[in-house]
Amino acid sequence: MNIEIGSYEAKTKLPELLRGVQLGNRYTITLRGEAIADLIPADASQKTDIAAGVAHMQQLMTSYPPLLGIDTKALLDEGRD
């Protein structure tokens, strides 16, 4: 469940909001009616970000042909000078 809450109210009710997050609630904090932040369980955003990142990397890896004739070790060694 996503609930919008103003920044002043979020500041004054932070402990209550944190208890709500523990129960599975999600809050969007607004400033003058504009969404500026989301208050969600820590593991929820991290798992989503990691899964999206892995999927994106796999897509990139399969979308480019392999580079043939390039000595990767020589390039790494050159960058260490």
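Rule-based calculations on the coordinates, nothing more; no lab input. Quantities reported herein were computed from a predicted structural model and do not represent experimental measurements. Neighbour counts run over all protein chains shown; Cβ positions are idealised from the backbone, glycine included.
Any chance the stretch 9-20 includes a residue that's basic (Lys, Arg), loosely packed, with under 12 Cβ neighbours inside 10 Å and in a helix (DSSP H, G or I)?
So in the stretch 9-20, the residues basic (Lys, Arg) come out as 11, 13, 19.
Subsequent filtering for residues that are loosely packed, with under 12 Cβ neighbours inside 10 Å retains 11, 19.
In the following step, the residues that additionally are in a helix (DSSP H, G or I) were identified as 11, 19.
Scanning the stretch 9-20, I find at least one residue that is basic (Lys, Arg), loosely packed, with under 12 Cβ neighbours inside 10 Å and in a helix (DSSP H, G or I), so the answer is yes.
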Taking the condition of being β-branched (Val, Ile, Thr) and loosely packed, with under 15 Cβ neighbours inside 10 Å, how many residues in the stretch 21-36 meet it?
1
